[in-house]
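**Q** This structure is in structure tokens; I'll ask about it shortly.
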Amino acid sequence: MQGDVEEAVEALLNAMLNLRFKADKSVLANALAKASLIDTAAYTVESVQNFNAAQAAAEAVMKNEALSKDDQAQVNKAAADLNEAIYNLVPKAAVQGDATMQTGGSSAKTGDTTPIAVAFAAITLAGACFFIKKRNR
């Protein structure tokens with residue numbers, strides 16, 4: 001009977017020594033959730049290939065239940081690599097727009113010829129004249 005107790009105590013002590021805290025995968029889970037929302041059809045083939053490779057590696061790390069606190073660097077690297085791949089996705093070339101559209105600092109051609117600054121100045125001047133007339137009465 002004493003031998004059974006000592007054996008059970010030994011097994012329990014070994015099990016307690018082998019207990020490890022699991023790696024925190026919350027950042028990786030967030031990166032995978034963000035990645036799942038991305039429509040890869042809008043990006044170049046090369047950047048999508050890099051993204052898919054990073055996503056597959058991150059999913060493999062996420063599924064690995066044996067990772068402990070000691071393996072946290074591996075989890076963090078997978079999350080960082082996936083976030084970098086998301087950031088480095090390159091949009092496909094935009095469709096060429098109408099040649100009559102203006103580019104740069106001014107507004108698009110809408111048919112009006114009066115710049116907005118002139119219209120604003122006219123409204124401000126009219127308001128000032130109204131208040132001056134009202135005060136002079």
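The values are calculated or read from the model by the stated rules, or taken from the named source; none is laboratory data. It should be emphasised that the depicted structure is a prediction, and the values quoted were computed from it without experimental measurement. We place every Cβ from the backbone using ideal geometry, glycine too, and count neighbours over all the protein chains shown.
**Q** Would you call residue 63 of a type in the set (Lys, Arg), over 16 Å from residue 90 (Cα atoms) and loosely packed, with under 14 Cβ neighbours inside 10 Å?
**A** Yes: the conditions hold for residue 63.
**Q** Does residue 106 satisfy the condition of being of a type in the set (Gly, Ala, Ser), surrounded by 11 or more Cβ atoms within 10 Å (Cβ to Cβ) and either over 30 Å from residue 26 (Cβ atoms) or at pLDDT 90 or above (or both)?
**A** No.
Every residue, every condition in (1) under 17 Å from residue 24 (Cβ atoms); (2) surrounded by 15 or more Cβ atoms within 10 Å (Cβ to Cβ); (3) touching an Asp or Glu at 6+ places or on another chain (Cβ under 7 Å), yes or no:
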site: 49; (1), (2), (3): no, no, no
site: 67; (1), (2), (3): yes, yes, no
site: 73; (1), (2), (3): yes, no, no
site: 79; (1), (2), (3): yes, yes, no
site: 87; (1), (2), (3): no, no, no
site: 93; (1), (2), (3): no, no, no
